[in-house]
């Protein structure tokens, strides 16, 4: 009987809030979120690791793409032992450190290898509200083509990918003063998949040798679909590693939350006789 009463009542939206709420339409424009990222080869240096951790705290970094991290016996990264999560490649050549609780992330084991690790970061409910972050170390005594083959497996499947890599390669494409075979192999990979190189002219070189000579071997690449969301790409000399710090952010659009719309039953159309009968029962 009580269900019959409710079924006969006419729903009507009023300005007065009631106990029953429904989700209304999106009532505001999309919001912009900033994913803050640092990439650096730490060269397994203890001091540089501490300095990088302090910098991440200061700049409120969300994700760190690390090459040659210093790994402790408990499979944690030195100076980042208390981080939210660290995904480390099989031979500890690369890692992605998760420092944020603002975004969901998951390791993509199928894309990870001895010197490459990849995660998926989600920033919204839609299918396009994600990005793949890849940290890769092109170990010098390993043929470059082997590293490229691993990254190619990612690129053929994922259209929203960012790669932070120490390529150990020189190319005019990322403003190296010289060129070498490794750089040419990476350049062919860039052209094949239509990637965007985010290294900028006029910045400090990314690598500094002991004799103080420098070169550009650290590269930030993205697939074409997300090239436009990378902002504020910058090189800074803030740690004792022989590789400098590269920082940037991803500006992504998040759908706004749905605004609850109050709903109230119209008492004027209620069958009060039926209601009283049900109440008395």
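The values are calculated or read from the model by the stated rules, or taken from the named source; none is laboratory data. Predicted model only: the values in this text are computed from it and were never measured. Note that we place each Cβ from the backbone using ideal geometry, even for glycine, and neighbour counts take in every protein chain shown.
Numerical summary
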{"read-out": "Checklist (1) closer than 15 Å to residue 115 by Cα; (2) modelled with pLDDT under 95 applied to residue 74, failing item", "value": "(1)"}
{"read-out": "Hits in the stretch 72-96 - residues which are buried (at least 21 other Cβ atoms within 10 Å of the Cβ) and in contact with a helix residue (DSSP H, G or I) (Cβ under 8 Å, 6 or more places away or on another chain)", "value": "77, 79, 80"}
{"read-out": "Scope the stretch 231-272; condition in a loop (DSSP other than H, G, I, E, B) and at pLDDT below 95; matching residues", "value": "255, 256, 257, 258, 259, 263, 266, 270, 271"}
{"read-out": "Residue in the stretch 86-108 that is farther than 23 Å from residue 53 by Cα and modelled with pLDDT of 95 or more present", "value": "yes"}
{"read-out": "Among the candidates 189, 175, 207, residue that is surrounded by 15 or more Cβ atoms within 10 Å (Cβ to Cβ), over 17 Å from the mean Cα position of the chain (by Cα), more than 25 Å from residue 118 (Cα to Cα) and at pLDDT 95 or above", "value": "175"}
{"read-out": "Hits in the stretch 120-135 (condition: surrounded by fewer than 23 Cβ atoms within 10 Å (Cβ to Cβ) and under 11 Å from the mean Cα position of the chain (by Cα))", "value": "120, 122, 123, 129, 130, 132"}
{"read-out": "Unique match (being surrounded by fewer than 20 Cβ atoms within 10 Å (Cβ to Cβ), in a loop (DSSP other than H, G, I, E, B) and modelled with pLDDT under 95) among 27, 32, 22", "value": "27"}
{"read-out": "Some residue of the stretch 137-158 being without any contact (Cβ under 8 Å) to a residue 24 or more places away in the chain, buried (at least 18 other Cβ atoms within 10 Å of the Cβ) and out of contact with any strand residue (DSSP E or B) (no Cβ under 6 Å at 6 or more places or on another chain)", "value": "no"}
{"read-out": "Positions within the stretch 179-230 being under 25 Å from residue 36 (Cβ atoms), in contact with a helix residue (DSSP H, G or I) (Cβ under 7 Å, 6 or more places away or on another chain) and not in a loop (DSSP other than H, G, I, E, B), in sequence order", "value": "190, 196, 197, 219, 221"}
